[in-house]
Amino acid sequence: MIAGVRECLVAPVSTVNESATGTETVSSQRSIVVLPFANRSSDPDQEYFCDGLVEDIIAELSHIPNLLVISRNTTFLYKESSPDVVEIAAYLGVNFVLQGSVRRMGDHVRVTAILKEASTAKTIWSNRYDRDISDVFTVQDELTNEIVTALDVELISGEQGRHRRSKYRSTEAGEILYKGMFEHYKFDQYASMAARTYFEKFVSIEPDSILGYAWLVHSWSFALIVGWEAPELALQKLREFVDKSLTIDGDDAHALVGDTYYKTLVGDLDGALESVERATSILPNLDEAWFARGWVQMLLGNPH
């Protein structure tokens with residue numbers, strides 16, 4: 001089964017699944033792409049912090065059922081370029097584009113965000129946040145709330161509370177998580193090992209957060225599929241981390257995606273499909289869930 005998943009990994013899978021939008025199309029539904037924020041810090045090593053903040057904003061926005069959010073995997077394709085807002089928006093079929101920058105100076109951070117109307121590149125909202133680093137995660141919440149207000153989208157009662165249980169409280173833990181994600185996305189064997197070290201440290205600080213276990217599952221799954229880790233050890237680790245995340249919240253979409261990965265890799269495709277269908281119903285805007293669903297469907301012989 002691992003070999004089959006490895007084949008699926010290189011197969012084209014859309015990062016935006018039309019099923020996630022119901023009967024609406026991208027053009028008729030409120031939709032947004034969050035482009036990578038520019039790192040204005042004098043220290044290039046702060047790139048991880050900039051990327052992590054953007055990833056958090058995307059994750060927060062993805063919890064809004066009435067808003068389609070382009071996935072991180074797609075938006076970060078524009079990281080090293082100076083994209084034309086109108087051109088990108090037309091290509092991705094979105095209504096709004098969020099751009100920004102981050103400048104970090106010691107224990108101080110300045111975040112600038114600009115929300116533009118896609119068809120005209122006209123600025124409809126902008127703000128600048130100057131904070132001590134201890135408050136940077138409050139900045140992320142403020143950004144999301146401001147954007148939600150600007151887009152006139154209403155959160156579904158209860159969904160936000162569940163998401164908070166999967167997040168974290170410690171600034172130190174947030175920094176560590178950002179560094180782990182930055183290493184993970186290098187897709188390099190040694191960087192992958194470094195990423196898992198960060199995720200394990202995050203878990204030691206925030207044992208009640210699903211995020212650490214979810215990232216460990218993601219990292220170990222990828223390492224197993226590409227052949228960086230032996231199946232016996234990797235599957236043991238995956239089972240451990242999946243169980244821990246499901247124990248925290250069995251209805252968390254990220255935990256269910258992890259369960260999907262594990263069940264797929266051990267050949268329980270019916271169980272994997274059940275888990276991923278629950279994940280997409282709980283959080284219809286989670287691109288990773290749709291990606292995992294694509295894997296399962298292809299392995300079942302239903303590439304739709």
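Residues that are part of a helix (DSSP H, G or I) and surrounded by fewer than 23 Cβ atoms within 10 Å (Cβ to Cβ): does segment 250-261 have at least one? Steps first, please.
Keep residues of segment 250-261 that are part of a helix (DSSP H, G or I), which gives 253-261.
Filter again for surrounded by fewer than 23 Cβ atoms within 10 Å (Cβ to Cβ), leaving none.
There is no residue in segment 250-261 that is part of a helix (DSSP H, G or I) and surrounded by fewer than 23 Cβ atoms within 10 Å (Cβ to Cβ).
Restricting segment 238-284 to residues that are among the polar types (S, T, N, Q) and touching a helix residue (DSSP H, G or I) at 6+ places or on another chain (Cβ under 6 Å), which is modelled with the lowest pLDDT? Walk me through it before giving the result.
Pass one, segment 238-284, residues among the polar types (S, T, N, Q): 245, 247, 260, 264, 275, 280-281.
Now restrict to residues that are touching a helix residue (DSSP H, G or I) at 6+ places or on another chain (Cβ under 6 Å): 245, 260, 264, 275, 280.
Details: Ser245: 95, Thr260: 97, Thr264: 95, Ser275: 97, Thr280: 91.
Among those that are among the polar types (S, T, N, Q) and touching a helix residue (DSSP H, G or I) at 6+ places or on another chain (Cβ under 6 Å), it is Thr280.
Tally the residues that are of a type in the set (Val, Ile, Thr) and over 16 Å from Gln140 (Cβ atoms), restricting the search to segment 41-74. Even if it seems obvious, please write down each step before you answer.
Let us first name the residues in segment 41-74 that are of a type in the set (Val, Ile, Thr), namely 54, 57-58, 64, 69-70, 74.
Still in the running and over 16 Å from Gln140 (Cβ atoms): 70, 74.
Looking only at that region, the number is 2.
Out of all the residues in segment 12-57, which are of a type outside the set (S, T, N, Q), modelled with pLDDT under 50 and assigned to a loop (DSSP other than H, G, I, E, B)? If you could, list the steps in order and put the result at the bottom.
Applying the first criterion (of a type outside the set (S, T, N, Q)) to segment 12-57 yields 12-13, 16, 18, 20, 22, 24, 26, 30, 32-38, 40, 43-45, 47-57.
Cutting the leftovers down to modelled with pLDDT under 50 gives us 12-13, 16, 18, 20, 22, 24, 26.
Selection gives Pro12, Val13, Val16, Gly22, Glu24, Val26.
State whether the residues of segment 133-149 include one that is more than 25 Å from Thr171 (Cα to Cα), modelled with pLDDT under 85, assigned to a helix (DSSP H, G or I) and over 16 Å from the mean Cα position of the chain (by Cα).
Within segment 133-149, the first condition is being more than 25 Å from Thr171 (Cα to Cα), and the residues that meet it are 149.
Within this subset, residues satisfying the condition of being modelled with pLDDT under 85 are 149.
When the remaining residues are screened for being assigned to a helix (DSSP H, G or I), the result is 149.
Adding the requirement that they be over 16 Å from the mean Cα position of the chain (by Cα) leaves 149.
Scanning segment 133-149, I find at least one residue that is more than 25 Å from Thr171 (Cα to Cα), modelled with pLDDT under 85, assigned to a helix (DSSP H, G or I) and over 16 Å from the mean Cα position of the chain (by Cα), so the answer is yes.
Are there any pairs, at least 6 apart or on different chains, whose C-beta atoms fall under 6 Å, with the first in segment 24-36 and more than 17 Å from Ile114 (Cβ to Cβ) and surrounded by fewer than 23 Cβ atoms within 10 Å (Cβ to Cβ) and the second modelled with pLDDT under 85 and among the aliphatic types (A, V, I, L, M), and if so, which?
Arg30/Leu67; Arg30/Leu151
The values are calculated or read from the model by the stated rules, or taken from the named source; none is laboratory data. All values reported here derive from a predicted model rather than from experimental measurement. Backbone-built Cβ (ideal geometry, glycine too); neighbour counts: all protein chains shown.
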